[in-house]
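Colleague: The structure's right below; bear with me while I get my questions together.
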Amino acid sequence: MLKNLQNYELVLASNSPRRKELLASLHLPFSVFTLPDIDESFPQELERLKVAEYLSNKKADAHLGHVQENKLIITADTIVCNRTHVFGKPDGKTEAMEILQTLSGKTHQVVTGVTLLTVQKRVSFSACTDVTFAVLSDEEIEFYLDTFHPYDKAGAYGIQEWIGHIGVTSIHGSYFNVMGLPVQKLYATLKTF
């Protein structure tokens with residue numbers, strides 16, 4: 001469908017089943033390639049809304065040795081942040097509980113950074129969505145963590161899961177960005193790549 005990409009093989013460099021599902025929804029052929037986990041540390045002085053894009057570039061750097069003439073590699077990273085903290089994936093249940101207690105009853109930002117990489121070119125962008133949670137009881141948080149085990153998700157939650165159904169009162173921005181890939185912005189960027 002995107003004639004400008006007909007000479008490229010799209011490669012999603014991600015372990016995320018949600019990113020795979022979202023990219024597939026664009027009906028563009030692609031393959032999946034992953035490397036071992038990348039160090040997701042970032043400079044503490046970095047502006048919090050720039051962290052996800054920084055990390056997507058870091059993931060792209062890890063794939064530099066695999067870039068070939070006809071491949072377009074897509075990397076992405078999602079973070080959740082409030083005014084003072086950047087939340088990645090929780091280390092376990094205790095940290096996940098603390099994160100969700102912090103987000104409860106407040107509005108936070110979900111930012112996904114995306115990097116497109118070829119032999120000749122690199123383009124990076126990010127998308128930000130405001131998400132507001134109702135006040136969540138400790139019992140609701142505990143039920144969610146015990147049932148869904150969201151330890152592979154930034155901010156310790158998946159908006160498409162139970163907690164999103166009962167807890168999210170509003171979003172401003174891309175819903176799919178909160179799931180892990182801003183597909184509309186990605187498609188628009190691929191159209192002009």
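The values are calculated or read from the model by the stated rules, or taken from the named source; none is laboratory data. If you're wondering where the values come from, they're calculated on a predicted model, not measured in any experiment. All Cβ positions, glycine included, derive from the backbone under ideal geometry; neighbour counts span all protein chains shown.
Colleague: Within region 75-94, identify whether any single residue is part of a helix (DSSP H, G or I), more than 22 Å from Lys185 (Cα to Cα), touching a residue at least 24 places away in the same chain (Cβ under 8 Å) and in contact with a helix residue (DSSP H, G or I) (Cβ under 6 Å, 6 or more places away or on another chain), and answer yes or no. Let's see the steps before the verdict.
Modeller: So the first thing to find is which residues in region 75-94 are part of a helix (DSSP H, G or I), and the list is 93-94.
Okay, now just the ones that are also more than 22 Å from Lys185 (Cα to Cα), so 93-94.
Narrowing further to those that are touching a residue at least 24 places away in the same chain (Cβ under 8 Å): 93.
Now drop any that are not in contact with a helix residue (DSSP H, G or I) (Cβ under 6 Å, 6 or more places away or on another chain), which leaves 93.
Yes - at least one qualifying residue is present in region 75-94.
Colleague: Same structure, new question: Can you tell me which residue in region 139-168 is surrounded by the most Cβ atoms within 10 Å (Cβ to Cβ), limited to those that are touching a helix residue (DSSP H, G or I) at 6+ places or on another chain (Cβ under 7 Å) and part of a loop (DSSP other than H, G, I, E, B)?
Modeller: Applying the filter and picking the extreme gives Tyr157.
Colleague: Can you find even one residue in region 148-155 that is of a type in the set (Phe, Trp, Tyr) and within 19 Å of Pro182 (Cβ to Cβ)? Can you show your working first?
Modeller: So the first thing to find is which residues in region 148-155 are of a type in the set (Phe, Trp, Tyr), and the list is 148, 151.
After this cut, where a residue has to be within 19 Å of Pro182 (Cβ to Cβ) as well, the list is none.
No, region 148-155 has no match at all.
Colleague: Now a separate question. Looking at the structure I just gave you, is Phe125 surrounded by 15 or more Cβ atoms within 10 Å (Cβ to Cβ), out of contact with any strand residue (DSSP E or B) (no Cβ under 8 Å at 6 or more places or on another chain) and either at pLDDT 95 or above or not β-branched (Val, Ile, Thr) (or both)? Spell out how you get there, then give the answer.
Modeller: Numbers: surrounded by 15 or more Cβ atoms within 10 Å (Cβ to Cβ): yes; out of contact with any strand residue (DSSP E or B) (no Cβ under 8 Å at 6 or more places or on another chain): no; either at pLDDT 95 or above or not β-branched (Val, Ile, Thr) (or both): yes.
Here the answer is no, as Phe125 does not meet what is asked.
Colleague: I'm trying to understand the selection: among the residues of region 129-138, which are within 19 Å of Gly180 (Cβ to Cβ) and buried (at least 17 other Cβ atoms within 10 Å of the Cβ)?
Modeller: Selection gives Thr129, Val131, Phe133.
Colleague: For region 41-74, how many residues are surrounded by fewer than 16 Cβ atoms within 10 Å (Cβ to Cβ) and assigned to a loop (DSSP other than H, G, I, E, B)?
Modeller: Going through region 41-74 one residue at a time, the tally reaches 9.
Colleague: To continue, here is another question. Suppose the filter is buried (at least 16 other Cβ atoms within 10 Å of the Cβ) and part of a strand (DSSP E or B); does Ile38 pass it?
Modeller: Details: buried (at least 16 other Cβ atoms within 10 Å of the Cβ): yes; part of a strand (DSSP E or B): no.
So Ile38 fails the test.
Colleague: Thr112 - would you say it is touching a residue at least 40 places away in the same chain (Cβ under 8 Å) and surrounded by 16 or more Cβ atoms within 10 Å (Cβ to Cβ)? Let's see the steps before the verdict.
Modeller: On the way: touching a residue at least 40 places away in the same chain (Cβ under 8 Å): yes; surrounded by 16 or more Cβ atoms within 10 Å (Cβ to Cβ): yes.
It is true that Thr112 is touching a residue at least 40 places away in the same chain (Cβ under 8 Å) and surrounded by 16 or more Cβ atoms within 10 Å (Cβ to Cβ).
Colleague: Is one or more of the residues making up region 88-104 under 17 Å from Leu181 (Cα atoms) and either under 14 Å from the mean Cα position of the chain (by Cα) or not aliphatic (A, V, I, L, M) (or both)? Before the answer, list the steps.
Modeller: Narrowing region 88-104 to residues under 17 Å from Leu181 (Cα atoms): 88-89.
From the residues that got through so far, the ones that are either under 14 Å from the mean Cα position of the chain (by Cα) or not aliphatic (A, V, I, L, M) (or both) too are 88-89.
Yes: region 88-104 contains one or more residues that are under 17 Å from Leu181 (Cα atoms) and either under 14 Å from the mean Cα position of the chain (by Cα) or not aliphatic (A, V, I, L, M) (or both).
Colleague: How about region 15-29: which of its residues are buried (at least 16 other Cβ atoms within 10 Å of the Cβ) and in contact with an Asp or Glu (Cβ under 9 Å, 6 or more places away or on another chain)?
Modeller: Correct list: Ser16 only.
Colleague: Which number in (1) among the β-branched types (Val, Ile, Thr); (2) under 19 Å from the mean Cα position of the chain (by Cα); (3) at pLDDT below 95 marks the one condition that Thr84 misses?
Modeller: The one condition Thr84 does not meet is (2).
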